[in-house]
Amino acid sequence: MCLANPNLFVISGGPGAGKTTTLLELARLGFPHAPEVARQIIQEQVQSGGTALPWADTAAYTDLMLRRSIESFREHTPAPEPWFADRGIPDTLCYARRIGLPDTRPIQLACRRFRYAPLVFLAPPWKAIYQTDNERKQDFAEAEQTYDGLAEVYRECGYRTLELPRLSPLARARFILRHLPPRC
């Protein structure tokens, strides 16, 4: 059974590309968003001494990412008005492929079963704003590779992707809002 949420728009892209900052700008304009589950997991695991981390037990981290992404999708479905998601279930598939997880079938099934709005916004790598932090340890080259993998996975999953311009958060938010489908 497929569960579609045509008003839940994913904003994805490699690490450090300004996704969350753009989502905060959209929230300031009155558009709610679902936070990034991967960052929450990392913060929780570090705080509790857990090992389900991208630099420790990657399989456990991937499993948690999938489960929490599905929970987030269900929590925000249905969305009567446009909502935004900081990453989506296909991000988990991209990560699983990047780490060479041998069996991605459960993730692929979830990607087919839980459907976001058909248009996905992708924030491209942007060296001028890129920085690492406690949860983001990838270098810029890895951010570029992640972006390429995400663009491929979202298209493979049947989504149309639109790259965000390298502009201010407000200009990006306005760009997104201009590209939302008209509401009846």
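The values are calculated or read from the model by the stated rules, or taken from the named source; none is laboratory data. Source: prediction; values computed, not measured. For neighbour counting, all protein chains shown are included, and Cβ atoms are generated from backbone atoms with ideal geometry for every residue, glycine included.
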query = Y95 fails exactly one of the following numbered conditions: (1) touching a residue at least 60 places away in the same chain (Cβ under 8 Å); (2) buried (at least 17 other Cβ atoms within 10 Å of the Cβ); (3) of a type outside the set (A, V, I, L, M). What is the number of that condition?
reply = (1)
key: the range 122-180, residues that are under 16 Å from the mean Cα position of the chain (by Cα), more than 15 Å from G18 (Cβ to Cβ) and of a type in the set (K, R)   = R155, R160
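Can you spot a residue in the range 17-25 that is assigned to a loop (DSSP other than H, G, I, E, B), within 25 Å of W126 (Cα to Cα) and either modelled with pLDDT under 95 or touching a strand residue (DSSP E or B) at 6+ places or on another chain (Cβ under 8 Å) (or both)? Give the steps one after another, and end with the answer.
Taking the range 17-25 as the starting set, the residues that turn out to be assigned to a loop (DSSP other than H, G, I, E, B) are 17-18.
Those still in the list that are within 25 Å of W126 (Cα to Cα) too: 17-18.
Pick out the ones that are also either modelled with pLDDT under 95 or touching a strand residue (DSSP E or B) at 6+ places or on another chain (Cβ under 8 Å) (or both) and you get 17-18.
Yes, the range 17-25 contains at least one residue that is assigned to a loop (DSSP other than H, G, I, E, B), within 25 Å of W126 (Cα to Cα) and either modelled with pLDDT under 95 or touching a strand residue (DSSP E or B) at 6+ places or on another chain (Cβ under 8 Å) (or both).
For every residue, the table says whether it meets (1) touching a Lys or Arg at 6+ places or on another chain (Cβ under 6 Å); (2) in a loop (DSSP other than H, G, I, E, B); (3) crowded, with 23+ Cβ neighbours inside 10 Å.
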| site | (1), (2), (3) |
| --- | --- |
| F9 | no, no, yes |
| S12 | yes, no, yes |
| F31 | no, yes, no |
| Q47 | no, no, no |
| W55 | no, yes, no |
| L64 | no, no, no |
| S69 | no, no, yes |
| R74 | no, no, no |
| P78 | no, yes, no |
message = Tally up the residues in the range 12-43 that are within 19 Å of R67 (Cα to Cα) and in contact (Cβ under 8 Å) with a residue 40 or more places away in the chain, please.
response = 10
